[in-house]
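Here is the structure we will look at, set down as structure tokens.
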Amino acid sequence: MANWRRHYRGAFSDTFLDGDLVAEWRTAWSSRLSSPGGTSTVLAEDDAGLAGLVHVVFDEDGRWGSLIDGLHVSLRRRRTGLGTELLSRAAEAVAERARGVALYLWVLEQNTAAQEFYLALGGICTERAVVAAPGGVSSRLTGSPTKLRFAWPDAKVLARPEARQGQPNPA
């Protein structure tokens, strides 16, 4: 919740962000996890609890491939390699279980730190679109925030070296 409150401030209304995000997340994640077919979720824990997670929906879009529908790393674990590891796990799941090899995600245009991270990992910014209101409730938005699509035509570039199966190192 702290990440949402920090990174979504200005795009989502203060009333929404300062409200009961636990209930919002519980509803969203209960739905995702109760019907896991065609998805993969990886949780990362440490001594302090949940450190991060990634959720991928396989073959979500005919053109763009599988969707990273959630990538979150706790503030205490930022810049430790956990985000890279979680994206690698998602890429490996796509390679193993999806029909296509492409992978993409959406990021708020105002979240420049995340954009830099995705660019450093070979992501290509391909599109700009208006953010949909959380839960379809327009009062949860501030103005008309925008999001950017970052895509990887071949998810293998994100996989850990030992999972690339002979693919060249993208770095």
Could you work out how far the C-alpha centroid of the stretch 89-109 sits from that of the stretch 117-163, in angstrom? 11 Å
Take peptides 109-119, 14-24, 54-64 and line them up by average Cβ neighbours within 10 Å, highest first, as a rough protection proxy. 54-64, 109-119, 14-24
The chain - accessible surface per residue (Å², probe 1.4 Å): 55 Å²
Quick one: 3J(HN,Hα) in Hz for the stretch 98-115, Karplus 6.51/-1.76/1.60 with θ = phi - 60°, rounded, Gly and Pro as x. 8, 6, x, 9, 7, 9, 8, 8, 10, 9, 4, 4, 6, 8, 5, 5, 5, 4
Can you figure out the FRET efficiency of Ser35 with Val101, using R₀ = 22 Å and their beta-carbon distance, to the nearest 0.05? 0.35
Going toward the positive end of the dipole of the chain, with +1 on Lys and Arg Cβ and -1 on Asp and Glu Cβ, which of Ala28, His7, Ile68 do you reach last? His7
Carbon and sulfur atoms account, in whole percent of the 1.4 Å probe accessible area of the stretch 7-99, for 47 percent
Mind pulling the angle between the C-alpha long axis of helix 21-34 and the longest principal axis of the chain? Nearest 10 degrees, somewhere in 0 to 90. 40 degrees
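Which order do you get for Arg99, Arg76, Arg9 if you rank them by accessible area with a 1.4 Å probe, largest at the top?
Details: Arg99 205, Arg76 115, Arg9 85 Å².
Order by accessible area, largest first: Arg99, Arg76, Arg9.
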extent check for the stretch 35-171: Cα max minus min per principal axis, descending, whole Å, gives 48, 40, 33
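The values are calculated or read from the model by the stated rules, or taken from the named source; none is laboratory data. Just so it is clear, the structure is predicted and the values come from calculations on it, not from any experiment. Positions of Cβ are generated from backbone atoms using ideal geometry, with glycine treated the same way; all protein chains shown enter the neighbour counts. Ligands, DNA and RNA are excluded from the accessible area calculation, which covers all protein heavy atoms including side chains. Shrake-Rupley method; radii C 1.70, N 1.55, O 1.52, S 1.80 Å.
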